[in-house]
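This report refers to the structure that appears directly beneath it.
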Amino acid sequence: MERALIQADMPREEMRRMVVALRSRLQLDMALNRAIPAAYLRKQGAVKRVYTAAPERVRGGAVDRPEQTLAGVREVLGDCRRCPLCKTRTNLVFGEGNVRAGLVFVGEAPGADEDRQGEPFVGKAGQLLTRIIVAMGLQRQDVYICNILKCRPPDNRNPRPEEIAACEPFLIRQLQAIQPKMICALGTFAAHALLKTDVPISLLRGRFQRYQGIPLMPTYHPAYLLRNPAAKKQVWEDVQKIMKAL
Ligand code: URA
């Protein structure tokens, strides 16, 4: 696969990013092997399933104890210094919610409020997300909420590719642990990072895509809705599709 990925004309920067992502992923894999007791994994017959790149969708199998795997991922993440965002963050925002959630929301990155509190989506955009979740007939504690980046980019600037590359392996592992039935990608960065595309969110939204076999609905970010309330109608259509499918 690597041979197909690495092309002779690939720009240096892109190759560098791939190396960062690969290193981060390998370090996480190795560390997780230490963090999650091998005896537990053997008992679950889970060693292969837990450590393969593609998530298993089997409940009662590999990741039947997502809290344990998530705790392992959190432990390995530690006081993360893998990218420069560690220098400006106040708190790392790992993610929160139901570790067995059927639905996971993935946002972009913590903002000022999230950085202060260490919890995802607690500012104005977060309050709107909470209202959307309630309108779906759910509570925040029914779902899991996390971000592409775990640390706030200064002045809420856009996430940089090398930051996404360093952080993404942890999100991948979180999603593998939770094994949701569905993912909702909030906004451009979440959709682009998860789907590896640069198709505009306005074209992606409203149609189910697949992330590692899991149906993924891209929709607009709540912060965008605060600036463009007219788009709420489209988000409501999108989340209704999720509710129907759930
Ligand atoms: N915006 C995001 O993308 N994530 C948060 O946690 C808060 C705001």
Just for the stretch 99-128: of the residues that are in a loop (DSSP other than H, G, I, E, B) and out of contact with any helix residue (DSSP H, G or I) (no Cβ under 7 Å at 6 or more places or on another chain), which one is farthest from the ligand (Cβ to nearest atom)?
G102
When you scan the stretch 151-179, how many residues do you find that are at positive phi and outside any helix (DSSP H, G or I)?
1
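Assess whether F121 counts as being within 23 Å of R65 (Cα to Cα), in contact (Cβ under 8 Å) with a residue 60 or more places away in the chain and of a type in the set (F, W, Y).
Details: within 23 Å of R65 (Cα to Cα): no; in contact (Cβ under 8 Å) with a residue 60 or more places away in the chain: yes; of a type in the set (F, W, Y): yes.
Considered against the rule, which asks whether it is within 23 Å of R65 (Cα to Cα), in contact (Cβ under 8 Å) with a residue 60 or more places away in the chain and of a type in the set (F, W, Y), F121 comes out as no.
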Restricting to the stretch 129-156, name every residue that is open to solvent by less than 40 Å² (accessible area, probe 1.4 Å) and near the ligand (Cβ under 10 Å from one of its atoms).
L129, I145, C146, N147, I148, L149, K150
Given the conditions (1) over 23 Å from R23 (Cα atoms); (2) open to solvent by less than 50 Å² (accessible area, probe 1.4 Å); (3) out of contact with any strand residue (DSSP E or B) (no Cβ under 8 Å at 6 or more places or on another chain), every one holds for I164 apart from (1)
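Taking the stretch 115-150 on its own, how many of its residues are on the phi < 0 side of the Ramachandran plot and aromatic (F, W, Y)?
Filtering the stretch 115-150 for residues on the phi < 0 side of the Ramachandran plot gives 115-117, 119-120, 122-136, 138-150.
Cutting the leftovers down to aromatic (F, W, Y) gives us 144.
Number satisfying all stated conditions: 1.
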Options P169, P222: the member that is in contact (Cβ under 8 Å) with a residue 12 or more places away in the chain, crowded, with 16+ Cβ neighbours inside 10 Å, farther than 14 Å from I132 by Cα and not acidic (D, E):
P169
Would you check which residues across the stretch 93-114 are surrounded by fewer than 22 Cβ atoms within 10 Å (Cβ to Cβ) and over 16 Å from V143 (Cβ atoms) and list them?
A112, D113
Kindly indicate the residue of the stretch 164-173 that is farther than 21 Å from A223 by Cα and touching a helix residue (DSSP H, G or I) at 6+ places or on another chain (Cβ under 6 Å) and also nearest to the ligand (Cβ to nearest atom) among those meeting that condition.
F170
Residue in the stretch 194-227 that is farthest from A109 (Cα to Cα), counting only those that are part of a loop (DSSP other than H, G, I, E, B) and within 16 Å of the ligand (Cβ to nearest atom):
R205
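The values are calculated or read from the model by the stated rules, or taken from the named source; none is laboratory data. All figures in this text were calculated on a predicted structure; none of them were measured in a lab. Cβ atoms come from the backbone with ideal geometry, glycine included; neighbour counts cover every protein chain shown. When the accessible area is computed, the model is the full protein with side chains, heavy atoms only, and any ligands, DNA or RNA have been set aside. Shrake-Rupley method; radii C 1.70, N 1.55, O 1.52, S 1.80 Å.
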